[in-house]
Amino acid sequence: MSSDTFQTNAPGIDSHLWGYLLPIATNPKVLRIDFWRFSPIASLGRDPFSNTLILPGPHISGKHASISWNGKSGSQSQIVLQDMSSNGTWVNGRRFHGETCVLGDGAEIGFGAPLAVDDEEGLYDYRYIFRDVSELGPAAIDDLYTPGEVLGGGAFGQVRLAFERGSNKVVAIKKINYVKTGADIFSEISAIERVDHPHVIKILSAHHGTSGSHIYLALEYMPGGDLLDYMNREHLGRKLWPHGPDVRGLPQNICREIMYQLCHALAHIHAIGITHRDLKPENILLRDEDQDHAPFIKVADFGFAAIQKDLDKETLLRGTIGTFLYMAPEVGDPSKAGYDHYVDSFSAGVIMFYMCVTLAIR
């Protein structure tokens, strides 16, 4: 972990950003909008083909506005809003129409309307508070975390135990080379940032390395390992079901509790437009292990996740993505126009089969 830096001055979830828009609207479907350091300009509007951020409301123009950062930190940092709309953009109560405006931290922005839009219970209320985090300077990663043992890894990165300096809190640091890997690590962060669920892993902080093509994710540490390890331990030790048949998986009550937790997590992420697309036992982490009860699980690794930007429209997904053994048949079927979030349900069914019927050693 040494000899690298990332843009932050404290361990925080926003260190990979230069700014974000915090919704004023009370409708929970109006989400926070993040602006990433690797992409210093963002365009907002109704047209999904010409904007990086989609605002599908009736008061929003096809290309409504852009917000750009000059890429500098400290006192030289400058963030500018450019209006390109027919209705205008309001900043701190003033209407800008075809004009530019320098944004300061705490600026109140209204896209298309200066007041609350009550249509569809405030679904199109695009009023935000702008938060400027561009002035955060680089800090060495070892200034924030003391590295521990390597927990695992592969061709594109590794996961290492670490301790937060000051609090000594135990975390897992996931280091990923986002150029070499086929997974979209930025989608992973965007996906998990949107999720607040007890059975989905939390990102504690995210850091974009300034040397090399790496991203660091500080994640909740799950000391129980993953579900495949748990299944293999039972296969070899037969502690949970010592007197069961020779060909057997986990006890039925344990399978039932694990599946309940998994389905609860899937129902939540699907409701907010996220499809995992790579569900497998290795991506289900365990917080603890108890011989009498099912372990508490959390779904992890959203590197192949798809995020639906407009929840009012059904969008088919494309691409042969995932792990073949757990992949729904429609994912690799060229005769299909695409697939939807139910591919996660198929993967969950395969996981249940392997838990109940047989146990495969990694």
Enumerate the residues in segment 246-284 having an amide nitrogen under 20 Å from the point lying 7 Å beyond the Cα of Arg238 toward its Cβ. 246-255
Treat each spin label as a single point 7 Å out from the Cα along the C-beta direction, and report the Glu108 to Phe49 distance in nm. 3.8
Given Cβ point charges of +1 (Lys, Arg) and -1 (Asp, Glu) and nothing else, what value in debye, to the nearest 20, does the dipole of segment 28-152 about its Cα centre take? 380
In nanometres, the difference between 0.36 nm per residue of separation and the alpha-carbon distance of Thr26 and Val357 is 114.5 nm
Summed residue charge, Cβ within 13 Å of Met84's Cβ, Lys/Arg positive, Asp/Glu negative: -1
Given a Förster radius of 41 Å and the C-beta distance between His264 and Gln158 as r, what FRET efficiency does 1/(1 + (r/R0)^6) yield to the nearest 0.05? 0.85
What FRET efficiency do you get for Glu135 and Phe324 if R0 is 41 Å and r is their Cβ-Cβ distance, rounded to the nearest 0.05? 0.35
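Computed from the coordinates by the stated procedures, all read-outs in this text should not be read as laboratory data. Please read these numbers as outputs of a predicted model, since none were measured by experiment. Cβ coordinates were reconstructed from backbone atoms using ideal geometry, including for glycine residues, and neighbour counts include every protein chain displayed.
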